Structures are given as structure tokens and as C-alpha cells.
1. Quick check: is even one residue across segment B:195-218 surrounded by fewer than 16 Cβ atoms within 10 Å (Cβ to Cβ), more than 14 Å from chain A (Cβ to nearest Cβ) and without any contact (Cβ under 8 Å) to a residue 12 or more places away in the chain?
2. Please specify each residue of segment A:24-46 satisfying the condition of being crowded, with 18+ Cβ neighbours inside 10 Å and of a type in the set (A, V, I, L, M).
3. Which residue is nearest to B:Ala348 (Cα to Cα), if the candidates are limited to segment B:261-287 and must be in a loop (DSSP other than H, G, I, E, B) and within 14 Å of chain A (Cβ to nearest Cβ)?
4. Which condition from (1) among the aliphatic types (A, V, I, L, M); (2) over 20 Å from the mean Cα position of the chain (by Cα); (3) not in a helix (DSSP H, G or I) is the one that B:Leu407 breaks?
5. Going by the conditions given, is B:Leu378 assigned to a strand (DSSP E or B) and within 14 Å of another protein chain (Cβ to nearest Cβ)?
6. Return a yes/no flag: does segment A:426-435 have any residue that is surrounded by fewer than 24 Cβ atoms within 10 Å (Cβ to Cβ) and more than 19 Å from A:Trp107 (Cα to Cα).
7. Name the residue, out of B:Glu419, B:Glu423, that is within 30 Å of A:Leu113 (Cα to Cα), within 14 Å of chain A (Cβ to nearest Cβ) and surrounded by fewer than 23 Cβ atoms within 10 Å (Cβ to Cβ).
There are 2 protein chains.
Amino acid sequence: MLDTLIKHVTAVTMDDEQHIYTNAFIGIKDGKITYVGKIEPDEAAEKVIDGTGMLAMPGLVNTHSHAAMALMRGYADDYALQEWLNDHVFPVEGRLTGRDIYWAMLWAQAEMLATGTIAYTDMYMQLPSMAQAAVDGGLYANISNGAMCFNPDGYNFETDGVTAQNLEVLEKFHGADDSRVKLDVSIHAEYTSFPGLWQDFARFAKEKGLNMHIHLSETRSEHENCVAKYGKTPTAILAENGVFDTRATAAHCVWVTEEDMEILKEKNVTVAHNPVSNLKLASGIAPVAKMFEKGVRVALGTDGVCSNNNHDLFEEIKLAALLQKGVNYDPRLMPAYRALWMATRAGAFAQGRENQIGQLTAGFDASLILVDTEKPGLYPVHNPVSTLAYSVRGGDVSLTMIRGKVLYENGKYYGLDVEKIREKLFPILHRIFNA
Amino acid sequence: MLDTLIKHVTAVTMDDEQHIYTNAFIGIKDGKITYVGKIEPDEAAEKVIDGTGMLAMPGLVNTHSHAAMALMRGYADDYALQEWLNDHVFPVEGRLTGRDIYWAMLWAQAEMLATGTIAYTDMYMQLPSMAQAAVDGGLYANISNGAMCFNPDGYNFETDGVTAQNLEVLEKFHGADDSRVKLDVSIHAEYTSFPGLWQDFARFAKEKGLNMHIHLSETRSEHENCVAKYGKTPTAILAENGVFDTRATAAHCVWVTEEDMEILKEKNVTVAHNPVSNLKLASGIAPVAKMFEKGVRVALGTDGVCSNNNHDLFEEIKLAALLQKGVNYDPRLMPAYRALWMATRAGAFAQGRENQIGQLTAGFDASLILVDTEKPGLYPVHNPVSTLAYSVRGGDVSLTMIRGKVLYENGKYYGLDVEKIREKLFPILHRIFNA
């Protein structure tokens, strides 16, 4: 007996053979996909979903977020970067408690579910609260607290606050390889720390078998200052210090050189490309087409909503494709399928979940989304891949399922109580913005 | 007695003083706004809309579309421009009848209503069918058939097919200045015609008091070929031939020079900026920040959905702002308010409706939209202008009202029968794509 059978759907599987099945059936049991294809399974199903007129695809993976910044959405736009950070973002962040971050992350996860995202890689602070929010939110989450320190003399890895939080979360939350919530190790960025710190955290990641998450060459000045200071690019100096010796996600990479790309490829680093944020903060446009040419894996992220201002990964999919076409004057670059691949397969690998999510294949988790295409704005569907990459926006997602459970369907949440979460935000917002 | 009173809404008026009223009231009678402000009107209202937690703004104006291309959404993506046009788009367009275009335009208008657009400027063909679709669709529409001819010897303005259609629509559909459906005169582009044709159509526009709509310097090759042929840019040579002597909308302007901008400003031409289409077709990025600096009015358009692939003007608003920040490395450029202004006030002027639509002001048409912000993805609203420019996507629009009538609300249409329209599309799609 199947738990769920999705019937008559067009399935964009994102599998190794790039199968796209029309009028397909997806069987689901115990949270896993048991079958995807054109033949109706013999087994009966407890629940049948009629997928007529719908597209199914693997749920999206957001490889770079600061979800709790949902509290600051639209709070400080159109400022120069340092003014934005120092006069607006940092003072508010300084007032955030673990409890604030917990509720803000639940709120952000509700947005992600409603826009087709099933997994995210989040760098922020108050790690135990982040972990609890990830457990309660229902999405796959790789969470980390970005280590930073400006004073090598006063620094001690053993007594560092991040180390303590990492150990706590590692013990209480980090599970087996297929765990839904995982701890990543994070170094905030090259320019906010120094070689001793990099080496310590890289070693910790290696010892514990954890992924690494870091901001890399986001802005021109940060990139150039590193070259002036060390005589090497951020990518080169961090690689030398072992930061990419475990599976790593490097966010932004707007200013990486071709030599940097060779290193990223050799170290099998996944680049988390955040095109909306990079434009909005005026960091520039990452050379993503060149990265693909060089064989570097590129996934997608939204960054925090303070520099976005939403968690709609479909927007990043479309913009990632269009930007490379536009700035390279070649409409054939970054075709639709590749943009979807970035948001699914590349993201799954970045999180260490390439055997769990990112494709609709028997044996993988039943973590998928449905999009109803029988409405103005999406119909007709000449090519399901084009529709998903270029026409769909997050709000078009009808249903989001994680491990066989429907967590969102047509405006309704099953699991998260969004009214309650929003009520919890009232006093938090009042306190942090009226301090 | 008011027809409608919207209560407790946050109103982003886009008026001359840039008023934004929280907890505001909007009174509506006989299709017009009678009041916008913080004081509850004394008059009772037949219908009351509770705007608590909602943003109100003027409906959006799409200043460059080919709405009937909704039939070809996603049909031919990621091709080089000439292959896209010659091998894919033109053969399908050659099979379109007036009836096909009628139903396709109704379908496109349904999408526009659901994403907050109330007015559009459309260049296509089969003008009488376009006019009927515009009348039946319920939106404001400036429609035109782009004149083109490659053979000056065989050309005669009097017997040209476009002239005949222009005269038919002028007589049957074009009304007074405040008419909902208006005829524009259109020359397709500089490179698809010649000075004799430009002069004739420009004179016709002037005689009849009609606006002009044209594609201008969309691609680098078209711009450079013109300079090689005439020793002048498209803007300069068209201006010399009188094309901008009536109110004109010039679509794209990706490759205009600073001298061109001076001409556009002097002639009071509105540029229809189509950032999504320009990236997707790899035409480039229009120098919009520079245009503003030079005093050129810039409005927004989606272009046809074959090069977009939707009619979501909120996507253009955000991308227009972000692109200029990103490519000019200045996050302060093109702030949120300016992006909204492009999609409202600038568009209203382009259409010759600057006294009708584009702002929430007493005496203007009650043609507005509401966005519910009490949901994940939009809450909290620190700054309503930021929320509208950077967080909202078309699907977040809750209600679209034109001349006091609700035409769309929360997925339901009042006026358009979308199920019937979609059924009409089945045989059309079958015929034109299986020929």
C-alpha cells in the first residue's frame, strides 16, 4: 500500500538522464519515492493527488541564507554597503536574542515552503536556537554560525563562543548522514578573520566530518584588500589554509579570478550564487557562465532578505539564467535546464544530500513541489523546463511535500501555525526596532 | 453615497507630494477616487473593503507588450535572436488569425489583472481584433499595429494594410481623451522601414492626434547598421523625420547614446524599458540611470512573453532597480520609489493618461491594486515602498480594481471568464503549433 500516489502529472525529474515524463505517476511510501514513470503502479494508495495540468519537480535548495533576517525585510534599502551594515543592520542584530531568531526562522521557513524551497543552508548566530527552529520548521537545513575575529592576539579556538555553540549543536541536533538538520562549520569570511582561525575551524570540520560554509570574494574591495594583504586572492589563501578540505559552499564569488575557479573546481567547492543580492548591494555580477565552462559547480541562494527582499528561489533561477545571457550578449548561455539544475542537483550536493534530495528518482526522499499550470501566466506549457525556469514565480507553487508529507498546499500550512508565529513576531519587532 | 470605501489601508499614492498614508481611507464613486487620506469620510458606502494589513497603490502600466504572444509562452527559449525569430516566432505568427489574437489577448489580460497591471501599450497585428479584445478585457489599452516595409518602391501609405486597419479602429474604437481603448500609431522600427514610411505615419499621427509607438535601438547591430546606413543613430534619423513630433513611446533604447538621450528628452519621448526581455534575448542593459540623470522619462514594459516569459510587471520594477545598482556598482542608484514611479506615473504619461491613472488622487480613476502583507514573504512592512518594489511579486496582488470595479480578487475574476477563454485556446494552440 502506497502512502501517496500522484497521478497524471508532468514530472521534470532532474535525474541523471534528464527524464521528463508527461502523464506520469509518482509513488510514495515511508517518505521515499518508490516509482516515477508513465505506468500506473499496481499498488493502491492511501492518498491520491490528481496532478492533471500540474508540473512536478524536486523541491528547491537555497544554498545561502540568513533566514532570521526576515525580521529586517525592507528595513534599510538603497544604502551604500558600509552605511547599510554599520548604521542599520548591525545595531538591530545586536539586539536579537535566541528566541527572536527562533521565531524569525520559523517565519522565513513558512515563506520558503510557500515558494517551493525544501532545504536551505543558513549562516547566522545563536546556533542552538537556529537548530531548534530548523527541527520545528520541517525543512532540510544545514546551519552554521560564521566565526569571525579581528584580533589574533585575543583569539582562542577552545574558548571561542562559536566553538561552544558548534559543540552543543553537534551533540544535540546533528544526526546521521540523512539527518534533516545538520551542523555546518562556518568561517564568516576571509576579511573578518585570519589564518590561525581558518586553520582551527578547518581542522574542526575535518575531524567531525562537517561541511564548510563561507562568504568568498563578494565585493571588489574585499577581494583586492586580500590580495594587497597576503599577495593572494581570498580563494587561494583560504585553500592554502585548509578551508576547502571538507565539502564546502562558498557564497557569492563575484570577484573570483580564473585561477580561483581552478582551485574551486579542484577542491570540489560549490559556489552559492546570489544574483539578486549581488545586484541589490551593487557587489557586481558573478562570472557564472565562465564558472560552468571551467567545471565549477554553481548552486543558488537568496542571501538574507535584507538584501533581496524575499526568499523566492524561482526569482534567482530566472535571474541567474538571464543575467549571464545579458551581460555576455549570448541568449544561448545558461539555458533553462541548467538554471533548474543549479537550484536542485547542485544544491543537494552542496548540502551533502545528493543521495536524498534534488531529483525525482525511486529511493530518494519524496521532497517535491507541484505547480498548477492551468492558469493565466503559465498556460500553455510548450516546454515544462522553460515554464519552471522563466514563467513560474514562487507564489505559483501549489504544493510542497517533504519526506512524503504535505507541508504547504494552496495557501494552507500543515505543520507550521503561521498565525501564531506572526503573533510572536509583534513584540519582537516592537522591541528590536524601537530600542 | 459612495460606491466603495476602502478602510484602514496603507496608501502609497504616488501623487505629486509622494504622500504615503497609513490607516487611510479611499472613497470611490462613479469610477473615480473622491478622497484619499487619514480622515474617514462622512458619506456611507455601498461596499466597504477592509484594507487592514494591506497596501494600496495605483495599478501598474505596462508600456510595451505584444500580449497575443501569450500563445507562444516558453515555445522557443535560449536561441540566438535571428534563429528565434526566423525559425520559430515568425512561422507561428504567420498562422495567427484575428480570432486567435482576440482570445490570446483576453488570456494575457487575465494574467495582467492577476498581477496588478491595469493598462498596457500593445503593438501587434490584426488591429480590429486587438481593439475588440481590449474593449472586452477591461483594462486600459493603447493598441497599435507596427508598420513595416522593406521595399520603398512597392510602398504606398494610402493602400498600406496598416493604414486601413488604423482608419477602421480609429472610427470604430478610438474615443475621447479619456477613452479606455485608444489607437496608437506605430512604426515597427527604423531597420524594418525607411524615411518615406516614417514621414507618412508621423504625419498621420499628428493629423489625428495619436501617440506614436516604436522599437528603438534594441540591439547593438540594429543601432550600428543604422549609423552605417544613414550616418546617424536611429533616434536622430527618426527624430529628423518627425516620428517623435507627437507623444511617443520608444521601446528598449538599450544602445542609445548620450546625444540620443538629449533628443529623447527634448522631444519628451518616454522610454519603455524592458529589462527582463533585454537580458533574455541578450540585447544588453539599457543605461537607465544615465537616462534619469539626463532627464529622460523611463517607464516599464514586459515585452512579449516569448522573451520574458510572463507579464508580471512587479518583476520588471525590481529588476529595473537592481540592474542599475549592480552594473553601476552603486546601491543608492534607482531607489525603490523611482522604480514604482516608472511603473505608474511614467507609464500613465506615456499612454496620455496622466490625468486619469498612475496615482491615488481625488478626481483620478479608481484604478488601483491591493496587496495583503500579513503573510510570510511580505510581513513585516518596515517601508511600504520597499515592500512593493523589492518583495512583492505579481502573484501577491489581492485585488485589482479598474474604474471602481473589482475585476480580480484572490484568484477570482469578475468580468473575464478564464475557463471559457482557456477552452477557446485549445483548438487554436493545436492548429498553430501542429501546422
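1. yes
2. Selection gives A:Ala24, A:Ile26, A:Ile28, A:Ile33, A:Val36, A:Ala45.
3. If we take residues in segment B:261-287 being in a loop (DSSP other than H, G, I, E, B) and within 14 Å of chain A (Cβ to nearest Cβ), then B:Asn274 is nearest to B:Ala348 (Cα to Cα).
4. Of (1) among the aliphatic types (A, V, I, L, M); (2) over 20 Å from the mean Cα position of the chain (by Cα); (3) not in a helix (DSSP H, G or I), only one is false for B:Leu407: (2).
5. Against the criterion (assigned to a strand (DSSP E or B) and within 14 Å of another protein chain (Cβ to nearest Cβ)), B:Leu378 does not qualify.
6. Looking through segment A:426-435, at least one residue is surrounded by fewer than 24 Cβ atoms within 10 Å (Cβ to Cβ) and more than 19 Å from A:Trp107 (Cα to Cα).
7. It is B:Glu419.
So that you can scan it fast, the table gives a plain yes or no per residue for (1) without any contact (Cβ under 8 Å) to a residue 40 or more places away in the chain; (2) in contact with a Pro (Cβ under 9 Å, 6 or more places away or on another chain); (3) part of a loop (DSSP other than H, G, I, E, B):
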{"site": "A:Thr10", "(1), (2), (3)": "no, yes, no"}
{"site": "A:Asn23", "(1), (2), (3)": "yes, no, no"}
{"site": "A:Thr34", "(1), (2), (3)": "no, yes, no"}
{"site": "A:Val48", "(1), (2), (3)": "no, no, no"}
{"site": "A:Ala56", "(1), (2), (3)": "no, no, no"}
{"site": "A:Asn62", "(1), (2), (3)": "no, no, no"}
{"site": "A:Ala70", "(1), (2), (3)": "no, yes, no"}
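The values are calculated or read from the model by the stated rules, or taken from the named source; none is laboratory data. The structure presented is a predicted model; accordingly, all values stated were derived computationally and were not measured. Here the Cβ is made from the backbone with ideal geometry for all residues, glycine too, and neighbour counts use every protein chain on show.
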